[in-house]
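All remarks here apply to the structure that follows.
The values are calculated or read from the model by the stated rules, or taken from the named source; none is laboratory data. No experiment lies behind these values; they were computed from the predicted model shown. Note that we place each Cβ from the backbone using ideal geometry, even for glycine, and neighbour counts take in every protein chain shown. Accessible surface areas use protein heavy atoms only, side chains included; no ligands, DNA or RNA. Shrake-Rupley method; radii C 1.70, N 1.55, O 1.52, S 1.80 Å.
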Amino acid sequence: MNPLVFSNGRSLDLIAIGRLCIDLNANEINRPMEETNTFTKYVGGSPANIAIGSARLGQKTGFIGKVSDDQMGRFIVDYLEKDAIDTTGVKIDKTGAVTGLAFTEIKSPEDCSILMYRDNVADLKLHPSDIDEEYIKRSKAMIISGTALAQSPSREAVFLALEYAVKHNVVVFFDLDYRPYSWVDDAETAVYYNLAAEKCNVLIGTREEFDMMEKLLNVHESDDHYTASRWFSYNADIVVIKHGGEGSIAYQKDGKSYRSGVFRTNVLKTFGAGDSYASAFIYGLMNGKSISEAMKMGSASASIVISRHSCSEAMPTETELLEYLEMAIYEPAQ
Ligand SMILES: Nc1ncnc2c1ncn2[C@@H]1O[C@H](COP(=O)(O)OP(=O)(O)OP(=O)(O)O)[C@@H](O)[C@H]1O
Ligand SMILES: O=C(O)C[C@@H](O)[C@H](O)C(=O)CO
């Protein structure tokens, strides 16, 4: 078992809040974007990817966000609904804002990058008036994403959603999802990340993301254990630190820690690993698995997604994930 307590009698398992954007993944791989000509369009945005991954695993999933009032916005909502995601909380922007675009470049399996076009994006127009307490009250859990804290009014909308979640015993996951291009000032970034993290039950981030949060506090000798311990003095029950191809480590408030290895896979691209890991990790925790078992599920989902071209489209179904766990070669953490 794991230490999280999810309220029963809720009509949703997980609500994701944050950006809904479009991934344009280069079709010509193993070359720089300057030399590519065609792209495939997918729904993107870390929270969107996590929601899609969650729904594919059979979780009753909802979304709180804002999309552009155009073909891209409609494409996104249609896609979410095809995956049985409740879009009651997805609003249509009326200010002329656009959909964020993520152009991905796959120079090699180890050298991938994302070029983000995020000026005047609809997702950051999410407003506190768009946050429905009754909607959040319907869910067992909610996941927030750090990039939604980058600008007002989205920032205030997320903090209001956090207030409602805490009020109604909704377990809050925080996927740090630090995207530097969305921020203008390191101190501002760290302040808002830390303020949001204080209210969350589970923190999921890379070493680099936690370093960003701790730099403001002049923490010079940090390590994973220090990072986790710091958050247990607030509301955290679990802190997960991801280490790419070396796996991940999770700390529990009672002092226990768990290391997860990875599943050997033919890596096509690395992005999408974090979102797929989060969706399956949360699925495991919400379905009675131990932290170790949930981490393994996260690792398996990540290995599936990084072997495929997309992020959202590549998210495995529950059947695919369970079969992969049985068949794939697992490399325990060193
Ligand atoms: N090369 C790899 N081979 C196998 N599994 C991997 C590899 N890279 C990442 N993973 C799995 O994915 C998890 C998350 O990856 P990572 O630590 O890169 O997170 P992230 O930086 O948030 O990912 P993203 O690139 O999507 O932003 C890892 O803990 C591991 O389980
Ligand atoms: O999160 C983003 O804005 C980019 C994503 O759409 C992309 O799929 C990715 O980087 C996944 O981690």
Go through region 317-334 and count every residue that is closer than 13 Å to residue 265 by Cβ and open to solvent by 80 Å² or more (accessible area, probe 1.4 Å). 2
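Per-residue answers, yes or no, for (1) among the polar types (S, T, N, Q); (2) touching a Leu at 6+ places or on another chain (Cβ under 9 Å); (3) surrounded by 24 or more Cβ atoms within 10 Å (Cβ to Cβ):
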{"position": "226", "(1), (2), (3)": "no, no, no"}
{"position": "229", "(1), (2), (3)": "yes, no, no"}
{"position": "254", "(1), (2), (3)": "no, no, no"}
{"position": "258", "(1), (2), (3)": "no, no, no"}
{"position": "262", "(1), (2), (3)": "no, no, yes"}
{"position": "278", "(1), (2), (3)": "no, no, yes"}
{"position": "281", "(1), (2), (3)": "no, no, yes"}
{"position": "285", "(1), (2), (3)": "no, yes, yes"}
{"position": "298", "(1), (2), (3)": "no, no, yes"}
Going through region 110-131 in order, the residues found to be surrounded by 15 or more Cβ atoms within 10 Å (Cβ to Cβ) and under 18 Å from residue 156 (Cβ atoms) are 121, 122, 123, 124, 125, 126, 127, 128, 130, 131
If residue 115 passes every condition in (1) closer than 18 Å to residue 75 by Cβ; (2) within 16 Å of ligand 1 (Cβ to nearest atom) but one, which one does it miss? (1)
Just checking, how many residues over region 8-33 are more than 16 Å from ligand 1 (Cβ to nearest atom), among the charged types (D, E, K, R) and under 24 Å from residue 47 (Cα atoms)? 2
Selection status of residue 258, more than 21 Å from the chain's Cα centre (by Cα) and farther than 15 Å from residue 300 by Cα: no
So, of the residues in region 193-213 that are in a loop (DSSP other than H, G, I, E, B) and open to solvent by 10 Å² or more (accessible area, probe 1.4 Å), which turns out to be farthest from residue 285 (Cα to Cα)? 198
Does region 155-166 include one or more residues that are touching a residue at least 24 places away in the same chain (Cβ under 8 Å), among the β-branched types (Val, Ile, Thr) and either open to solvent by 20 Å² or more (accessible area, probe 1.4 Å) or outside any loop (DSSP other than H, G, I, E, B) (or both)? yes
